[in-house]
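Reading through the structure tokens given below for one structure.
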Amino acid sequence: MKMRLLVSRKQNGYAQMAMDEAILESIIEKQSPETIRFFDFSPPAITIGRLQNISEVNLQRCKKEGIVIVRRLTGGRAVIHSGDFTFSFIIRKDNPVFQGNVYETYKKISYIFLEVITSLGIPAEWKKGNNKKPGNKETAYIHKPLCFSATTRYELTVRERKVLGVAQYRKKNGLLVQGSMLLRKPYFDFYKLFDGYSQGDIFYLSDSTDIDFEQFSELLIKNMRKIYNIELY
């Protein structure tokens, strides 16, 4: 199948999130082709989940660091966008490849990233377990301000450290999937941007490889074609 690819480098958080929303609305109205976006942020940004309390972010410190804060349509926790590879799948719910419930759609998309990461010699795997088990990191996730500070069932990890964050938003016949892959650590001390937050285990691809945005994009395109026969134009 064919899907449109848009690459939007070095734009601010407001523009990047607005673009996803506009495309989603156009798809719902059947006025836009299904679209995959690769993008990053300039200046650095924090996107917070659709229902997340903004008080979990230290606004004064963010302002001092010049970091933009913007709310996503998708749920989940805060994601810091500096040195990451951000993507979105903006599609119809009945997309022949990615249709399904939340977990099914997530696994189909994350499998592409799993193949890319393992091709780099990095031992990535899906998080296993029951997220109803009391007292573990999965149930603790809802109390963490940062998306990458804890893992839940089926999430992609490397040596038990989260490497890929993905969230979804479904509206009528449309589906928005947004995600972030951590290429390298932000240049600033991002832990100070969240009150009462202690550092969790986070894996960056730069811990094992020096792959950049363009190279990672090429591997994703190659694997989408190989796994799902998706041709991007």
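The values are calculated or read from the model by the stated rules, or taken from the named source; none is laboratory data. In this text, all values refer to a predicted model and were calculated from it rather than measured experimentally. Cβ: placed from backbone, ideal geometry, glycine included. Neighbour counts: every protein chain shown.
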message: If a residue counts only when it is under 22 Å from residue 164 (Cβ atoms) and in contact (Cβ under 8 Å) with a residue 60 or more places away in the chain, which strands (runs of 3 or more DSSP E) contained entirely in the stretch 1-117 have at least 3 such residues?
response: 2-11, 35-41, 79-81, 84-92
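So, residue 171, is that one of a type in the set (Lys, Arg) and farther than 26 Å from residue 102 by Cα or not? Outline the logic, then answer.
On the way: of a type in the set (Lys, Arg): yes; farther than 26 Å from residue 102 by Cα: no.
For residue 171, the condition - of a type in the set (Lys, Arg) and farther than 26 Å from residue 102 by Cα - is not met.
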message: Would you confirm whether or not the stretch 35-48 contains a residue that is under 26 Å from residue 92 (Cβ atoms), exposed (fewer than 15 other Cβ atoms within 10 Å of the Cβ) and either modelled with pLDDT of 95 or more or within 17 Å of the chain's Cα centre (by Cα) (or both)?
response: no
query: What is the number of the single condition among (1) modelled with pLDDT of 95 or more; (2) surrounded by fewer than 23 Cβ atoms within 10 Å (Cβ to Cβ) that residue 88 does not meet?
result: (2)
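On the given criteria, is residue 130 modelled with pLDDT of 95 or more, loosely packed, with under 15 Cβ neighbours inside 10 Å and farther than 27 Å from residue 213 by Cβ?
Numbers: modelled with pLDDT of 95 or more: no; loosely packed, with under 15 Cβ neighbours inside 10 Å: yes; farther than 27 Å from residue 213 by Cβ: yes.
The answer is no for residue 130.
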query: Does the stretch 191-201 contain at least one residue that is touching a residue at least 40 places away in the same chain (Cβ under 8 Å), surrounded by 19 or more Cβ atoms within 10 Å (Cβ to Cβ) and outside any helix (DSSP H, G or I)?
result: yes
